[in-house]
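Inspection log for the structure reproduced underneath, given as structure tokens.
The values are calculated or read from the model by the stated rules, or taken from the named source; none is laboratory data. Not measured: the values here are computed from a predicted model. When we count neighbours, we look across all protein chains shown, and the Cβ atoms used for this are built from the backbone with ideal geometry, even at glycine. For the accessible areas, the whole protein counts, side chains as well, though only heavy atoms, and no ligand, DNA or RNA atoms are used. Shrake-Rupley method; radii C 1.70, N 1.55, O 1.52, S 1.80 Å.
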Amino acid sequence: MDRRSLIKQAGIAGILAAGVAPAVQAQTAVRWRLAASFPKSLDTIFGSGEKFAQTLKDMSGGKFEVSLHAAGELMPAFEVVNGVQNGIVDMALTAPYYFTGKDYVFAFGCAVPFGLTARQMDAWMEHGGGRKLMDEFYANYNIKSMSAGNTGTQMGGWYRKEIKSIKDISGLKMRLGGGLFGDAMHKLGVVSQNMPVGEVYQALEKGTLDAVEFVGPHDDQKMGFNKVAPYYYYPGWWEGGAELEFFISTKSYAALPKEYQAMVDAACQVAARDMTAKYDTLNPIALKKLVADGTKVLPFPKDFMDAGYKASMEVFAENEAKSPMFKKIHAHMRAFQRDQILWDRYSEQRFSLYMSSVKL
């Protein structure tokens, strides 16, 4: 059996497991550019792009290379969708909900309030029909999507003052991801601000911001938020499992030979798995360090969680009334989520609760 046949019959998983390099000798060299919405200092998120590029280079014997560009190098962080859509770059590494200013449907490609966990998101996207629905929407922007990894359930952010009840939320100036979450928090009296993460520390330090939500212990520690906001709350109910995405130009992808397309798909899978595993490894280490340095880690008050849920459901209903596509995808996701929650009650939830109660 020749290598070309092996690729078609064994599939990507078989290729990676067997360590077989696809036949690329006859292919011409390909050079792509990737624009990220994140700084290079975020070794978890930006690191997914690095893992993707290196895997692709290795699989192609150096014939397919992707140059990586951090936020601000080729274009601002929130311009990468335009960059892919207009052919300035071949792909982007980003959080889809950054672009709800274009259409709120983008949020479903990343995270929505009281949405899916990391495993549930992966299942919905890859086998539950979510990827198909999202790519139908992304086609309007000349984009196809692939997972770049998932952060898992995020923290609820950093606050300059203690949050004892829902009353303490009103009037807060907070850096948010915008979109659905921003609208829900606005209903609770929060003044939402959407800005690139690189600008947040200074805003917190000066008091321009009262609070910021970003990701979790590892990334947040790198950004130094604990130095200017001592209270660290959980959980981030707006990001039960935030999916980062590779947005790939449909034109650039279609121009590739089938073997190169298969390599792109495989490299995305490798990078996505690597990012999620990296977060699960590094977050507990960083959390212990933050606590040792004096960070006060606290749960959100229940009345705030309840108010957030009510406000979020109102925001979903408002958007369903305005957008048939939003309604279609939201209904599909929630139906999938109900089954996932049912299964979780009999599997990981019960197991995790027990393991949290015993001494290892």
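Would segment 239-254 turn up any residue that is in contact (Cβ under 8 Å) with a residue 12 or more places away in the chain, open to solvent by less than 30 Å² (accessible area, probe 1.4 Å) and more than 23 Å from LYS51 (Cβ to Cβ)? Give the derivation first.
Keep residues of segment 239-254 that are in contact (Cβ under 8 Å) with a residue 12 or more places away in the chain, which gives 239-253.
The next check asks that each one be open to solvent by less than 30 Å² (accessible area, probe 1.4 Å); those that pass are 239-249, 252.
Now restrict to residues that are more than 23 Å from LYS51 (Cβ to Cβ): 240.
Within segment 239-254, one or more residues are in contact (Cβ under 8 Å) with a residue 12 or more places away in the chain, open to solvent by less than 30 Å² (accessible area, probe 1.4 Å) and more than 23 Å from LYS51 (Cβ to Cβ).
State which residue pairs qualify: first residue free of Cβ contacts under 8 Å to residues at least 24 places away in the same chain and closer than 18 Å to ARG273 by Cα and inside segment 104-132, second residue open to solvent by less than 10 Å² (accessible area, probe 1.4 Å) and in a helix (DSSP H, G or I) in any location, beta carbons under 9 Å apart, and separation of 6 or more residues or different chains.
Filtered contacts from segment 104-132: ARG131/TRP124; ARG131/MET125.
Would segment 86-100 turn up any residue that is out of contact with any strand residue (DSSP E or B) (no Cβ under 8 Å at 6 or more places or on another chain), part of a helix (DSSP H, G or I), surrounded by fewer than 18 Cβ atoms within 10 Å (Cβ to Cβ) and modelled with pLDDT of 95 or more?
no
Please work out which one of (1) crowded, with 18+ Cβ neighbours inside 10 Å; (2) at pLDDT below 95 is the condition LEU34 fails and give its number.
(2)
What number goes with the only condition from (1) assigned to a loop (DSSP other than H, G, I, E, B); (2) touching a Phe, Trp or Tyr at 6+ places or on another chain (Cβ under 8 Å) that MET325 does not pass?
MET325 satisfies all of (1) assigned to a loop (DSSP other than H, G, I, E, B); (2) touching a Phe, Trp or Tyr at 6+ places or on another chain (Cβ under 8 Å) except (1).
To keep it simple, each residue is scored yes or no on (1) free of Cβ contacts under 8 Å to residues at least 24 places away in the same chain; (2) of a type in the set (D, E, K, R).
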residue	(1), (2)
PRO230	no, no
LYS258	yes, yes
ARG273	no, yes
ASP293	no, yes
VAL297	no, no
MET305	no, no
VAL315	no, no
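Scan the strands (runs of 3 or more DSSP E) fully inside segment 134-234 and keep the ones with 2 or more residues being within 17 Å of the chain's Cα centre (by Cα) and under 26 Å from LEU93 (Cβ atoms). Step through it out loud before you land on a result.
Numbers: elements: 143-150, 157-159, 173-175, 191-193, 231-234.
Because the criterion is at least 2 residues that are within 17 Å of the chain's Cα centre (by Cα) and under 26 Å from LEU93 (Cβ atoms), the strands (runs of 3 or more DSSP E) in segment 134-234 that meet it are 143-150.
Which members of segment 267-305 meet the condition of being among the charged types (D, E, K, R), exposed (fewer than 12 other Cβ atoms within 10 Å of the Cβ) and part of a helix (DSSP H, G or I)? Before you say what the answer is, go through the steps one by one.
Applying the first criterion (among the charged types (D, E, K, R)) to segment 267-305 yields 273-274, 278, 280, 288-289, 293, 296, 302-303.
Checking the rest, the ones that are also exposed (fewer than 12 other Cβ atoms within 10 Å of the Cβ) come to 288, 293, 302.
Passing the criteria: LYS288, LYS302.
Condition test on VAL228, is it among the β-branched types (Val, Ile, Thr), open to solvent by 30 Å² or more (accessible area, probe 1.4 Å) and either at pLDDT below 95 or at negative phi (or both)? Don't jump to the end; show me each part of the working.
Details: among the β-branched types (Val, Ile, Thr): yes; open to solvent by 30 Å² or more (accessible area, probe 1.4 Å): no; either at pLDDT below 95 or at negative phi (or both): yes.
No; evaluated as a whole, the condition is false for this residue.
So, of the residues in segment 149-197 that are more than 25 Å from LEU290 (Cα to Cα) and basic (Lys, Arg), which turns out to be most open to solvent (accessible area, probe 1.4 Å)?
Out of the qualifying residues, it is LYS167.
Would you mind telling me which numbered condition in (1) closer than 21 Å to GLY152 by Cα; (2) open to solvent by 10 Å² or more (accessible area, probe 1.4 Å); (3) in contact (Cβ under 8 Å) with a residue 40 or more places away in the chain MET59 fails?
Failing condition for MET59: (1).
Does VAL105 qualify as being assigned to a helix (DSSP H, G or I), of a type outside the set (Ser, Thr, Tyr) and either crowded, with 18+ Cβ neighbours inside 10 Å or at pLDDT 95 or above (or both)? Steps first, answer last, please.
Working: assigned to a helix (DSSP H, G or I): yes; of a type outside the set (Ser, Thr, Tyr): yes; either crowded, with 18+ Cβ neighbours inside 10 Å or at pLDDT 95 or above (or both): yes.
Here the answer is yes, as VAL105 does meet what is asked.
May I ask you to list pairs of residues, at least six apart or on different chains, whose Cβ atoms are under 8 Å apart, with the first in segment 204-217 being closer than 19 Å to LYS289 by Cβ and without any contact (Cβ under 8 Å) to a residue 40 or more places away in the chain and the second being buried (at least 24 other Cβ atoms within 10 Å of the Cβ) and of a type in the set (Phe, Trp, Tyr)?
No pair meets every condition.
Taking ARG3 as the residue in question, decide whether it is modelled with pLDDT of 95 or more, open to solvent by 70 Å² or more (accessible area, probe 1.4 Å) and over 20 Å from the mean Cα position of the chain (by Cα). Break it down stepwise before answering.
Details: modelled with pLDDT of 95 or more: no; open to solvent by 70 Å² or more (accessible area, probe 1.4 Å): yes; over 20 Å from the mean Cα position of the chain (by Cα): yes.
When the stated conditions are applied, ARG3 does not pass them.
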